[in-house]
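Have a look at the structure below before the remarks.
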Amino acid sequence: MSEQSMHTLRDQALSLAGVAQFALYAHELASDGRDLPQRMEVAQHAIFSTDPDSVVDVYGDLSSVGDGIAYLKGQLAGHKPDQKAALVARYIGQILRLSGALLKDDAALKRIRGAIDRARLAEAADVPAILDDAYRNSISPVKPRIMLHGHPTYLQNEAIQARARTQLLAAVRCAIMWRQCGGGFITLFFRRKALLKSLESIGPSAPVR
C-alpha cells in the first residue's frame, strides 16, 4: 500500500475493526466453543495478506469484517460494556500494545514470516497447526501475553485453543496494520468520534456469522 493510502482515518478504523473482530472470535471460542468455518477462513485470509493493495484486501471484502465493524461501533459509541465486552476490550488493548513490542522484535517477525510462507505451501489440513505453532513460538513469549478467559471445557480443548490462537494471530496482524496506518493510542483516545463516524460512513455490513 502507498504511504498516502496507509494513513487515512478510514484505514485506521478498518484495521481496528479487524483487531476487534478476531479478538471477539477468540473469546467466543474460549468461552462457549463458538466456531464457524467462515471465521477461520477470514482469519487465515488476513494472516496470508502480507502485501495487500488496501486494508479491505486483508479481509477480502467489507462483509468479511462486518462483525468487527459492528462491535467496534458499539465500543466507540460508549455503550456500557457487559462482562463479555469488557473482556474483549481488554484483549484489544493488550493486542495493540503487543503489536508495538512485536514490531521491535525482528527475530520474532522473521519466524512469523517463515511460518506464513510454509503455511501457504502446505496442505490445507496442515495450515492450522503451522499457524498455531507460529503464535505459540513467536507471539506468546512477547509481553503482554494474552491470556484468554473462558469455560474450562473449551480452555482445556487443544483443538479449540489452537483455533483461538489463530484468531489472535489474525488480530495481531491487524494491530500491526493499524500501526502501519498511523494508528496510535493518542489517536484512539482523542479521535474516537472521528473513528466512529468513519465506520458509520461505511454503512451496515453483513456479519460473518
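The values are calculated or read from the model by the stated rules, or taken from the named source; none is laboratory data. These figures come from a predicted structure and were not determined experimentally. As a convention, Cβ positions derive from the backbone with ideal geometry for all residues, glycine included, and neighbour counts pool all protein chains shown. The accessibility values were calculated without ligands, DNA or RNA, using every heavy atom of the protein model including side chains. Shrake-Rupley method; radii C 1.70, N 1.55, O 1.52, S 1.80 Å.
Points to keep in mind about this one:
- Members of segment 45-68 found to be within 22 Å of Ile139 (Cα to Cα) and open to solvent by 40 Å² or more (accessible area, probe 1.4 Å), listed by number: His45, Phe48, Thr50, Asp51
- Gly74 fulfils the conditions (1) of a type outside the set (A, V, I, L, M, F, W, C); (2) in a helix (DSSP H, G or I); (3) open to solvent by 40 Å² or more (accessible area, probe 1.4 Å); (4) modelled with pLDDT under 95 except for a single criterion, (3).
- Positions within segment 124-136 being of a type outside the set (Ser, Thr, Tyr) and either under 16 Å from Ile47 (Cα atoms) or surrounded by 18 or more Cβ atoms within 10 Å (Cβ to Cβ) (or both), in sequence order: Ala124, Asp126, Val127, Pro128, Ala129, Ile130, Leu131, Asp132, Asp133, Ala134, Arg136
- Qualifying positions in segment 125-169 - more than 26 Å from Gly100 (Cβ to Cβ) and either among the aliphatic types (A, V, I, L, M) or part of a helix (DSSP H, G or I) (or both): Ala125, Asp126, Val127, Pro128, Ala129, Pro152, Thr153, Tyr154, Leu155, Glu158, Ala159, Ile160
- Restricting segment 31-60 to residues that are β-branched (Val, Ile, Thr) and touching a residue at least 60 places away in the same chain (Cβ under 8 Å), the residue that is nearest to Ile160 (Cα to Cα): Val42
- Number of the exception - Asp11 against (1) among the acidic types (Asp, Glu); (2) part of a helix (DSSP H, G or I); (3) closer than 24 Å to Gly182 by Cβ; (4) without any contact (Cβ under 8 Å) to a residue 24 or more places away in the chain: (4)
- Residue match in segment 163-178 (condition: open to solvent by 30 Å² or more (accessible area, probe 1.4 Å), touching a residue at least 24 places away in the same chain (Cβ under 8 Å), touching a Ser or Thr at 6+ places or on another chain (Cβ under 9 Å) and more than 18 Å from Arg34 (Cα to Cα)): yes
- Answer residue from segment 77-92, given it is part of a helix (DSSP H, G or I), small (Gly, Ala, Ser) and open to solvent by 20 Å² or more (accessible area, probe 1.4 Å) and is farthest from Ala170 (Cα to Cα) among those: Ala86
- Look at (1) without any contact (Cβ under 8 Å) to a residue 24 or more places away in the chain; (2) open to solvent by 20 Å² or more (accessible area, probe 1.4 Å) and you find that Asn157 fails only one, number (1).
- The set of residues in segment 98-111 that are part of a helix (DSSP H, G or I) and either open to solvent by 20 Å² or more (accessible area, probe 1.4 Å) or among the polar types (S, T, N, Q) (or both) comprises Ser99, Ala101, Asp106, Ala107, Leu109, Lys110, Arg111.
- Subset of segment 38-58 [in a helix (DSSP H, G or I) and under 21 Å from Ala125 (Cα atoms)]: Gln38, Arg39, Met40, Glu41, Val42, Ala43, Gln44, His45, Ala46, Ile47, Phe48
- Any hit, segment 25-43, residues being surrounded by 24 or more Cβ atoms within 10 Å (Cβ to Cβ) and among the hydroxyl-bearing types (Ser, Thr, Tyr): yes
- Hits in segment 113-123 - residues which are open to solvent by 20 Å² or more (accessible area, probe 1.4 Å) and in contact (Cβ under 8 Å) with a residue 12 or more places away in the chain: Arg113, Arg118, Arg120
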